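So the structure is just underneath, and the comments pick up after that.
The values are calculated or read from the model by the stated rules, or taken from the named source; none is laboratory data. Computed from a predicted structure; not experimentally measured. Every residue, glycine among them, receives a Cβ derived from its backbone with ideal geometry; neighbour counts consider all protein chains shown. Accessible surface is based on the protein model in full, side chains and every heavy atom, while ligands, DNA and RNA are left aside. Shrake-Rupley method; radii C 1.70, N 1.55, O 1.52, S 1.80 Å.
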Amino acid sequence: MKANKYIAFLIIIVLFGVVLYINSHPKKMEVPPKYLILSKYEGFVVGYVNDSFRIDVYIISNRRINGVISASVNNLPDCISFVDYSLAPTLYFQDDSLHELTLSLYLKPNRAGKCLINNSTLSLKINNRTFIAPLGRIEVIAYEKECEPQLEITKYISASIGPEDAPIYLNYTLNNKLNVPVGISKVIFNLPGIKIVDTNVPLKIDPNSSSTLYIKTVNTTKMSSLYVIQPGIEIIQNSNTCVVPLEPFYYATIPP
């Protein structure tokens with residue numbers, strides 16, 4: 001009888017110690033990661049009918065971004081279709097506590113002419129959390145591919161970050177692979193609040209040689225946070241005139 005009482009007393013002491021330990025070492029609460037999604041653009045894009053163009057969205061988090069990620073675009077005008085998306089790790093901020101991904105959205109014009117993306121949104125799902133982010137205002141001008149230009153873009157500036165009053169420079173190295181000269185007669189560019197102030201167009205590119213096309217712009221109004229600019233050029237090749245889209249350029253006025 002005394003042995004049983006002693007064992008029961010020991011069990012009570014052990015249980016009391018376990019409870020005391022748990023209370024003095026509370027389980028840490030799992031705090032969900034925080035996300036910053038940069039997606040609201042002012043933009044101008046020249047493209048071909050049924051050829052996709054790219055809009056980059058930046059995802060920044062205080063945790064490593066992994067797990068199941070899916071994306072779609074809602075409320076597009078009927079002249080634009082969502083094609084696909086891709087994800088790639090990026091490093092814009094020199095901060096070990098931040099983790100970044102670039103989400104590239106691929107869209108295509110369905111017909112020739114002008115089309116305005118204005119009320120469309122990105123639907124982004126990361127594991128079990130869904131985020132809705134605006135895509136801003138992007139004017140798209142689509143052309144039929146009337147000729148096969150032999151101009152190859154071998155080098156260009158893809159992106160830049162600067163203060164709000166900084167001019168935007170576009171720069172493209174173009175290689176003429178033909179045995180005849182190619183002329184660039186004009187730049188197709190229309191972005192509210194951004195004006196071209198200097199360019200070397202009209203430009204003649206000799207046979208089998210390269211030349212650099214440059215465009216300098218200034219802002220005429222208060223700048224937005226994100227810009228995507230994909231101008232076009234009108235070229236004259238073998239007496240034919242056609243439009244060629246250039247590569248996209250991204251500009252951010254977000255401070256570091």
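Go through (1) among the hydrophobic types (A, V, I, L, M, F, W, C); (2) touching a Lys or Arg at 6+ places or on another chain (Cβ under 9 Å); (3) more than 21 Å from F44 (Cβ to Cβ) for I236 and report which single condition fails.
Only one criterion is unmet by I236, namely (2).
Within segment 111-119, is even one residue out of contact with any Leu (no Cβ under 7 Å at 6 or more places or on another chain), open to solvent by 60 Å² or more (accessible area, probe 1.4 Å), farther than 23 Å from I37 by Cβ and at pLDDT 95 or above?
Initial filter on segment 111-119 (out of contact with any Leu (no Cβ under 7 Å at 6 or more places or on another chain)): 111-116, 118-119.
Retained after the next criterion (residues that are open to solvent by 60 Å² or more (accessible area, probe 1.4 Å)): 111, 114, 116, 118-119.
Of the ones still in play, those that are also farther than 23 Å from I37 by Cβ are 111, 114.
Narrowing the set further to residues that are at pLDDT 95 or above leaves 111, 114.
Yes - at least one qualifying residue is present in segment 111-119.
Test I157 against the criterion of being open to solvent by 50 Å² or more (accessible area, probe 1.4 Å), under 20 Å from the mean Cα position of the chain (by Cα) and of a type in the set (V, I, T), and give yes or no. Before the answer, list the steps.
Details: open to solvent by 50 Å² or more (accessible area, probe 1.4 Å): yes; under 20 Å from the mean Cα position of the chain (by Cα): yes; of a type in the set (V, I, T): yes.
Judged against the criteria, I157 is a match.
Going through segment 124-144 one residue at a time, which ones are surrounded by 16 or more Cβ atoms within 10 Å (Cβ to Cβ) and assigned to a loop (DSSP other than H, G, I, E, B)?
Going residue by residue through segment 124-144, those that are surrounded by 16 or more Cβ atoms within 10 Å (Cβ to Cβ) are 124, 126, 133, 135-143.
If the condition is that a residue be surrounded by 16 or more Cβ atoms within 10 Å (Cβ to Cβ) and assigned to a loop (DSSP other than H, G, I, E, B), then L135 is the only one that fits.
Is one or more of the residues making up segment 85-95 of a type in the set (A, V, I, L, M, F, W, C), at pLDDT 90 or above and open to solvent by 60 Å² or more (accessible area, probe 1.4 Å)?
Checked segment 85-95: at least one residue is of a type in the set (A, V, I, L, M, F, W, C), at pLDDT 90 or above and open to solvent by 60 Å² or more (accessible area, probe 1.4 Å).
Of these, N62, N66, N75, which one is modelled with pLDDT under 95 and open to solvent by 80 Å² or more (accessible area, probe 1.4 Å)?
Numbers: N62 fails: open to solvent by 80 Å² or more (accessible area, probe 1.4 Å); N75 fails: modelled with pLDDT under 95.
One residue alone meets the criteria, N66.
Just one of L105, L101 is at pLDDT below 95 and surrounded by 13 or more Cβ atoms within 10 Å (Cβ to Cβ); which is it?
It is L101.
When you scan segment 164-256 for strands (runs of 3 or more DSSP E) that lie fully inside it, which ones turn up with 3 or more residues that are within 20 Å of D56 (Cα to Cα) and open to solvent by 50 Å² or more (accessible area, probe 1.4 Å)? Full working, then the answer.
On the way: elements: 168-176, 182-188, 194-199, 203-205, 209-219, 226-230, 232-237, 240-245, 249-252.
Where strands (runs of 3 or more DSSP E) fall fully within segment 164-256, none carries at least 3 residues being within 20 Å of D56 (Cα to Cα) and open to solvent by 50 Å² or more (accessible area, probe 1.4 Å).
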